[in-house]
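A short worksheet on the structure shown next.
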Amino acid sequence: ERSYDDITKIAAYICDIPIALITMLDYDRNFLKSHYGVAFSESPRKISFCTHAIQSEQEVFLIEDARKDVRFKDNPLVTGDTKAIFYAGVPLRDKNNNALGTLCVFDHKPKKLDSTQLSTLKALANQVVNLFELHKQHLENKQLQDNLIKKNNLLKDLKLCLLCCKEWWLLFKKKESC
(Lines give C-alpha, C1' and ligand atoms only; values in the text may rest on other atoms or scores of the structure.)
Protein backbone atom coordinates (compact mmCIF):
# COMPACT_ATOMS: atom_id res chain seq x y z
CA GLU A 1 0.00 0.00 0.00
CA ARG A 2 1.39 3.34 -1.03
CA SER A 3 0.96 5.09 2.33
CA TYR A 4 3.08 2.47 4.08
CA ASP A 5 5.60 2.37 1.22
CA ASP A 6 6.00 6.15 1.47
CA ILE A 7 6.81 5.83 5.17
CA THR A 8 9.47 3.15 4.64
CA LYS A 9 11.03 5.21 1.86
CA ILE A 10 11.14 8.28 4.12
CA ALA A 11 12.59 6.24 7.00
CA ALA A 12 15.37 4.89 4.79
CA TYR A 13 16.13 8.40 3.50
CA ILE A 14 16.10 10.10 6.91
CA CYS A 15 18.34 7.42 8.45
CA ASP A 16 20.55 7.19 5.35
CA ILE A 17 20.03 3.42 5.31
CA PRO A 18 19.34 1.02 2.41
CA ILE A 19 16.57 -1.05 4.06
CA ALA A 20 13.39 0.00 5.85
CA LEU A 21 10.44 -2.19 6.79
CA ILE A 22 7.03 -2.08 8.39
CA THR A 23 6.57 -5.48 9.96
CA MET A 24 3.68 -7.28 11.54
CA LEU A 25 4.35 -10.35 13.62
CA ASP A 26 2.17 -13.39 14.01
CA TYR A 27 2.87 -16.68 15.74
CA ASP A 28 5.61 -17.93 13.43
CA ARG A 29 6.39 -15.29 10.83
CA ASN A 30 7.44 -11.71 10.36
CA PHE A 31 5.16 -10.32 7.63
CA LEU A 32 6.43 -7.21 5.83
CA LYS A 33 3.54 -4.80 5.38
CA SER A 34 5.97 -2.60 3.47
CA HIS A 35 9.55 -3.18 2.44
CA TYR A 36 12.11 -0.83 0.98
CA GLY A 37 15.45 -2.24 -0.13
CA VAL A 38 14.66 -5.97 0.12
CA ALA A 39 12.82 -8.28 -2.24
CA PHE A 40 11.21 -10.66 0.27
CA SER A 41 7.87 -10.04 1.99
CA GLU A 42 8.17 -12.25 5.07
CA SER A 43 10.69 -14.07 7.21
CA PRO A 44 10.55 -16.65 10.00
CA ARG A 45 9.80 -15.01 13.34
CA LYS A 46 12.44 -17.10 15.10
CA ILE A 47 15.24 -15.18 13.32
CA SER A 48 13.52 -11.80 13.41
CA PHE A 49 15.18 -8.78 14.99
CA CYS A 50 11.66 -7.36 15.29
CA THR A 51 10.63 -10.01 17.82
CA HIS A 52 13.31 -8.63 20.14
CA ALA A 53 12.19 -5.06 19.44
CA ILE A 54 8.55 -5.65 20.40
CA GLN A 55 9.58 -7.54 23.54
CA SER A 56 11.90 -4.71 24.56
CA GLU A 57 10.81 -1.84 26.78
CA GLN A 58 12.93 0.54 24.71
CA GLU A 59 11.31 3.16 22.50
CA VAL A 60 13.85 2.29 19.82
CA PHE A 61 15.57 -1.10 19.89
CA LEU A 62 19.11 -0.57 18.56
CA ILE A 63 21.77 -3.01 17.44
CA GLU A 64 24.76 -1.03 16.17
CA ASP A 65 26.73 -4.11 15.07
CA ALA A 66 24.87 -7.42 15.07
CA ARG A 67 28.11 -9.30 14.43
CA LYS A 68 29.20 -8.37 17.97
CA ASP A 69 25.87 -9.16 19.66
CA VAL A 70 25.55 -12.73 20.99
CA ARG A 71 21.83 -12.75 20.19
CA PHE A 72 22.40 -12.04 16.49
CA LYS A 73 25.96 -12.88 15.43
CA ASP A 74 24.92 -16.31 14.02
CA ASN A 75 21.57 -15.10 12.68
CA PRO A 76 21.05 -15.89 8.95
CA LEU A 77 19.95 -12.28 8.40
CA VAL A 78 23.41 -11.22 9.57
CA THR A 79 25.52 -13.99 8.03
CA GLY A 80 23.51 -14.44 4.81
CA ASP A 81 22.82 -12.29 1.78
CA THR A 82 20.83 -9.67 3.71
CA LYS A 83 23.89 -8.76 5.82
CA ALA A 84 21.80 -7.03 8.47
CA ILE A 85 24.59 -5.53 10.58
CA PHE A 86 22.81 -2.45 11.94
CA TYR A 87 19.18 -2.51 13.14
CA ALA A 88 16.89 0.09 14.66
CA GLY A 89 13.27 -0.86 15.34
CA VAL A 90 10.41 1.08 16.87
CA PRO A 91 7.63 -1.13 18.24
CA LEU A 92 4.22 -0.29 16.78
CA ARG A 93 1.78 -0.28 19.70
CA ASP A 94 -1.98 0.18 19.59
CA LYS A 95 -4.06 2.17 22.11
CA ASN A 96 -3.99 -0.79 24.50
CA ASN A 97 -0.17 -1.00 24.27
CA ASN A 98 -0.30 -4.24 22.28
CA ALA A 99 2.74 -4.64 20.05
CA LEU A 100 1.61 -5.10 16.45
CA GLY A 101 4.97 -5.03 14.72
CA THR A 102 7.75 -2.56 14.04
CA LEU A 103 8.97 0.22 11.83
CA CYS A 104 12.60 -0.71 11.40
CA VAL A 105 15.71 0.07 9.40
CA PHE A 106 18.71 -2.12 8.54
CA ASP A 107 22.14 -1.35 7.20
CA HIS A 108 24.91 -3.57 5.84
CA LYS A 109 27.48 -1.89 8.06
CA PRO A 110 27.68 -0.71 11.69
CA LYS A 111 25.93 2.60 12.25
CA LYS A 112 24.70 5.08 14.84
CA LEU A 113 21.63 7.25 14.46
CA ASP A 114 21.60 10.80 15.77
CA SER A 115 18.82 12.16 17.98
CA THR A 116 16.99 13.75 15.02
CA GLN A 117 16.97 10.45 13.11
CA LEU A 118 15.75 8.59 16.20
CA SER A 119 12.96 11.08 16.92
CA THR A 120 11.91 11.07 13.26
CA LEU A 121 11.82 7.27 13.23
CA LYS A 122 9.55 7.35 16.31
CA ALA A 123 7.32 10.00 14.66
CA LEU A 124 7.03 7.86 11.51
CA ALA A 125 6.16 4.83 13.66
CA ASN A 126 3.34 6.87 15.22
CA GLN A 127 2.05 7.61 11.71
CA VAL A 128 2.07 3.88 10.90
CA VAL A 129 -0.02 3.18 14.00
CA ASN A 130 -2.37 6.01 12.97
CA LEU A 131 -2.74 4.39 9.53
CA PHE A 132 -3.48 1.03 11.18
CA GLU A 133 -6.15 2.68 13.35
CA LEU A 134 -7.69 4.50 10.38
CA HIS A 135 -7.77 1.26 8.40
CA LYS A 136 -9.43 -0.53 11.32
CA GLN A 137 -11.98 2.30 11.68
CA HIS A 138 -12.65 2.18 7.94
CA LEU A 139 -13.36 -1.56 8.13
CA GLU A 140 -15.65 -1.06 11.12
CA ASN A 141 -17.49 1.77 9.32
CA LYS A 142 -17.85 -0.40 6.21
CA GLN A 143 -19.31 -3.22 8.31
CA LEU A 144 -21.69 -0.78 10.00
CA GLN A 145 -22.72 0.59 6.60
CA ASP A 146 -23.35 -2.94 5.27
CA ASN A 147 -25.48 -3.73 8.32
CA LEU A 148 -27.48 -0.52 7.88
CA ILE A 149 -28.09 -1.34 4.20
CA LYS A 150 -29.35 -4.81 5.15
CA LYS A 151 -31.66 -3.37 7.82
CA ASN A 152 -32.91 -0.72 5.41
CA ASN A 153 -33.70 -3.42 2.86
CA LEU A 154 -35.55 -5.40 5.53
CA LEU A 155 -37.59 -2.32 6.35
CA LYS A 156 -38.42 -1.84 2.67
CA ASP A 157 -39.52 -5.49 2.47
CA LEU A 158 -41.59 -5.04 5.62
CA LYS A 159 -43.23 -1.91 4.18
CA LEU A 160 -44.10 -3.81 1.00
CA CYS A 161 -45.48 -6.66 3.05
CA LEU A 162 -47.59 -4.29 5.14
CA LEU A 163 -48.93 -2.60 2.01
CA CYS A 164 -49.91 -5.99 0.62
CA CYS A 165 -51.58 -6.88 3.91
CA LYS A 166 -53.45 -3.58 3.88
CA GLU A 167 -54.67 -4.23 0.32
CA TRP A 168 -55.73 -7.74 1.28
CA TRP A 169 -57.52 -6.43 4.36
CA LEU A 170 -59.37 -3.79 2.31
CA LEU A 171 -60.46 -6.45 -0.21
CA PHE A 172 -61.56 -8.72 2.58
CA LYS A 173 -63.57 -5.94 4.24
CA LYS A 174 -65.15 -5.02 0.90
CA LYS A 175 -66.29 -8.63 0.31
CA GLU A 176 -67.54 -8.89 3.86
CA SER A 177 -69.73 -5.82 3.45
CA CYS A 178 -71.31 -7.23 0.27
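Under a Cβ-only charge scheme (Lys and Arg +1, Asp and Glu -1), can you give me the dipole magnitude of region 85-134 about the Cα centre, in debye to the nearest 20? Numbers along the way, then the final one.
On the way: 6 positive and 4 negative charges, 31 e Å.
In debye, rounded to 20, region 85-134 gives about 160.
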(message) With Cα Rg over 2.2 N^0.38 Å as the read-out, I listed (i) 1.72; (ii) 0.98; (iii) 1.02; which label goes with the value calculated from this structure?
(response) (i)
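Using alpha-carbon pairs under 8 Å, 6+ residues apart, how would you state the relative contact order of region 23-178 in percent? Write out the running numbers ahead of the final one.
Working: 183 pairs, mean separation 24.7, N = 156.
Computed value for region 23-178: 16 percent relative contact order.
Quick one: net charge around Gly101, please, counting Lys, Arg +1 and Asp, Glu -1 for every other residue with C-beta under 10 Å from its C-beta.
On the way: positive: Lys33, Arg93; negative: Asp26.
Surrounding charge for Gly101 is +1.
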(request) Enumerate the amide H contacts of Leu92 below 5 Å, restricted to partners 5 or more residues apart or on another chain; note that Pro and chain-start residues carry no placed amide H. (result) Leu100, Gly101, Thr102, Leu103
(request) Taking the Cα centre of the chain as origin, work out the dipole magnitude from +1 charges on Lys and Arg Cβ and -1 charges on Asp and Glu Cβ, in debye rounded to 20. (result) 880 debye
(message) In whole Hz and in residue order, list the ³J(HN,Hα) couplings for region 129-134 that follow from phi through the Karplus curve 6.51 cos²θ - 1.76 cosθ + 1.60, θ = phi - 60°; x for Gly and Pro.
(response) 4, 4, 5, 4, 5, 5
(request) Over region 76-178, give the accessible area per residue in Å² for a 1.4 Å probe, as an integer. (result) 71 Å²
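Placing unit charges on C-beta atoms (Lys and Arg positive, Asp and Glu negative, everything else neutral), compute the dipole magnitude of region 10-102 about its Cα centre in debye, rounded to 20. Please report the intermediate quantities before stating the final value.
On the way: 11 positive and 12 negative charges, 27 e Å.
With only Lys, Arg, Asp and Glu charged at Cβ, the dipole is about 140 debye.
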(message) On a 29 Å Cα-Cα criterion, which of the cross-link pairs Lys68/Lys122; Lys83/Lys136; Lys150/Lys174; Lys46/Lys111; Lys46/Lys122; Lys9/Lys95 come out too long?
(response) Lys83/Lys136; Lys150/Lys174
(request) Amide H neighbours of Arg29 under 5 Å, at least 5 residues apart or on other chains, H built in the peptide plane: list them. (result) Arg45
(request) With a 1.4 Å probe and every protein chain kept in, tell me what percent of the accessible surface of region 1-93 is carbon plus sulfur. (result) 49 percent
(message) Show me, for region 101-115, the HN-Hα J-couplings you get by feeding each phi into the Karplus relation (A = 6.51, B = -1.76, C = 1.60, θ = phi - 60°), rounded to Hz, glycine and proline as x.
(response) x, 9, 9, 9, 10, 10, 9, 8, 9, x, 7, 10, 9, 7, 5
(message) Using a Cα-Cα cut-off of under 17 Å, which aspartates and glutamates could be cross-linked to Lys175, ignoring same-chain neighbours fewer than 8 residues away?
(response) Glu167
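Can you give the FRET efficiency for Glu1 and Lys166, using 1/(1 + (r/R0)^6), R0 = 41 Å, r = Cβ-Cβ distance, to the nearest 0.05?
Working: r = 52 Å, r/R0 = 1.27.
Rounded to the nearest 0.05, the efficiency is 0.20.
The values are calculated or read from the model by the stated rules, or taken from the named source; none is laboratory data. The model shown is predicted, which means the values in this text are computed figures rather than measured ones. For neighbour counting, all protein chains shown are included, and Cβ atoms are generated from backbone atoms with ideal geometry for every residue, glycine included. All accessible areas refer to the heavy atoms of the entire protein, side chains included, with ligands and DNA or RNA removed. Shrake-Rupley method; radii C 1.70, N 1.55, O 1.52, S 1.80 Å.
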